[in-house]
Amino acid sequence: MQTADLDIRHYDRIYFLGIGGIGMSALALYCLQAGKRVDGYDRTETDLCRRLAAAGAQIHYTESPECVPADTQLVIYTPAIPADHREWPVVRALGVPVCKRAEVLGACTRPYGTLAVAGSHGKTTTSALLAYLLYETCGCCAFLGGVAKNYDRNFLYASEAAWAVAEADEYDRSFLQLHPRYSIVTAMDADHLDIYGTVENMRSAYADFMRQTDFEHGGVIIKDAWRSYVPDVPVYRTYGLAPTDGTQVYARGLRVEAGAYRFDYVSPDLEIEDLTLTYPGRHNVENALAAITAALAAGLSAGDIRRLLPGFRGVKRRFDIQYKSASCLYVDDYAHHPDEIAVCLRALRELYPQRPIRVAFQPHLYSRTRDLAAAFAQSLRLADEVVLLDIYPARELPIPGVTARSIGDLIEGRPVHYASLADAFEVLTGLPPMPVLVTMGAGNIDTLVEPLRQYCERQS
């Protein structure tokens, strides 16, 4: 079956292989919302899995071929599932369509006017803000790569929605399954070189993604800094914090007042004065410019934007303030790329210029650590002290000679400590107190968040 022929409405019993991931769980919620019977496997029982189970999904947590329902009509899997997974032989013997997550996301969004957000960083916050603006006005469906704090969900549904917001993942060229009305590209920094081989190949894939935009009825919205890398792609709007020769959308009069960002939205055909964004970080002002531009293109008014923007609460694990007092600030962030680390730490420096910062970072993937070790070290030097956890392997096997020390050995002029996940809490709480603590990483470092939050409460 061709992917373009996939129609989720034709299947009543669906099996998810790797159901608990942020993207897979959003698709599973979509299927449950549509009245499908959903079963699935995942390695770990997470909060997302528990939510799915509460919504009616049947989930198991050991590789159990006997748990794959014999009457399954469609199998959806994530590329993170290894080739030697014990359920594969049974899945293949079913004789039913077996589709990647990205293929199904493309099929689910096809009936809508899709607003797809891609980028090596910034796409989750931009997607969540765009979804929030639409959901609170005209309604939308949204498949998010993080949990939107306004709704405590990574999937939004409105029965009469004309629009869908989709986070467009560049890993494994997944975003090429989408054909958006409007596409947003926030960044094209080097990443996933295990897939693309070179930065040029990666950016070529971004260009292919943008070319799939419906230029007759929509267009491409791209951060101005990246426009020159795709000169042959037609662009609807470029955006950036400040006006340059090519920037069509920018923030005028950007300033910090009472812990919030204030600015005017300026575009070629509209100005919206005195907007307020309470979500920290100048990079999030840029994300807001992109989301506002897409929301206006979808039909929202300047009044809608001015009214709703201050209420955006952000995304869990994206500059997520866990604890704040006069003596202690604890922030958790999903940052797993050098540029993401840098923008988070710079935001903290801007908001708390006099406070020393300790960052605990868990590298994600051996290949990313190997390819970007020097860039990681440079970004982490923006902190005053660094604790490096062991590499989270995700889908990868170890690479000889690649460890957290591949980064730590390149961090000059800063104390560097090392820890496993098991002893990271003891290491962090055993160090002298520091006014700002940040935990970072896309692996399982998030299991430290609650113990560290409680520790901060006890110490303040």
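The values are calculated or read from the model by the stated rules, or taken from the named source; none is laboratory data. The model shown is predicted, which means the values in this text are computed figures rather than measured ones. Using ideal geometry, Cβ is built from the backbone for each residue, glycine included, and neighbour counts are taken over all protein chains shown. Accessible surface areas use protein heavy atoms only, side chains included; no ligands, DNA or RNA. Shrake-Rupley method; radii C 1.70, N 1.55, O 1.52, S 1.80 Å.
Before moving on, here are some points about what is shown:
- Gly56 being of a type outside the set (Phe, Trp, Tyr) and on the phi > 0 side of the Ramachandran plot: yes
- Taking every residue in the range 69-83 that is in contact (Cβ under 8 Å) with a residue 24 or more places away in the chain and pairing it with any residue that is of a type in the set (Phe, Trp, Tyr) and part of a loop (DSSP other than H, G, I, E, B), at least 6 positions away or on another chain, the pairs with Cβ-Cβ distances below 6 Å are Gln73/Tyr11; Leu74/Tyr11.
- The residues listed here are Arg211, Arg252; of these, the one that is within 26 Å of Lys100 (Cβ to Cβ), at pLDDT 95 or above and either among the charged types (D, E, K, R) or open to solvent by 30 Å² or more (accessible area, probe 1.4 Å) (or both) is Arg211.
- Within the range 422-449, the set of residues being in a helix (DSSP H, G or I) and crowded, with 16+ Cβ neighbours inside 10 Å comprises Ala424, Phe425, Leu428, Ile445, Asp446, Leu448, Val449.
- Total residues in the range 48-89 satisfying the condition of being open to solvent by 20 Å² or more (accessible area, probe 1.4 Å), assigned to a loop (DSSP other than H, G, I, E, B), more than 25 Å from Phe175 (Cβ to Cβ) and polar (S, T, N, Q): the figure is 2.
- Candidates Asp172, Asp208, filtered to the one that is touching a residue at least 40 places away in the same chain (Cβ under 8 Å) and under 30 Å from Glu396 (Cα atoms): Asp172
- Taking the conditions (1) touching a residue at least 12 places away in the same chain (Cβ under 8 Å); (2) open to solvent by 60 Å² or more (accessible area, probe 1.4 Å); (3) not aliphatic (A, V, I, L, M) in turn, Glu385 satisfies each one other than (2).
- Only residues that are in a strand (DSSP E or B) and within 21 Å of Leu296 (Cβ to Cβ) were counted across the range 151-161, and they come to 1.
- Figure legend. Inter-residue proximity from the range 99-117: first residues in a strand (DSSP E or B), second residues open to solvent by 10 Å² or more (accessible area, probe 1.4 Å) and of a type outside the set (Phe, Trp, Tyr), beta-carbon distance below 6 Å, spacing 6+ or different chains. Indicated pairs: Gly113/Ala162; Gly113/Arg181; Thr114/Arg181; Val117/Lys123; Val117/Glu167.
- Filter result (hydrophobic (A, V, I, L, M, F, W, C), more than 20 Å from Ala335 (Cβ to Cβ) and surrounded by fewer than 23 Cβ atoms within 10 Å (Cβ to Cβ)) within the range 156-194: Ala158, Ala161, Ala162, Leu176
- Extreme residue, modelled with the highest pLDDT, among residues of the range 255-277 that are more than 21 Å from Asp304 (Cβ to Cβ) and either out of contact with any Leu (no Cβ under 9 Å at 6 or more places or on another chain) or of a type in the set (A, V, I, L, M, F, W, C) (or both): Arg255
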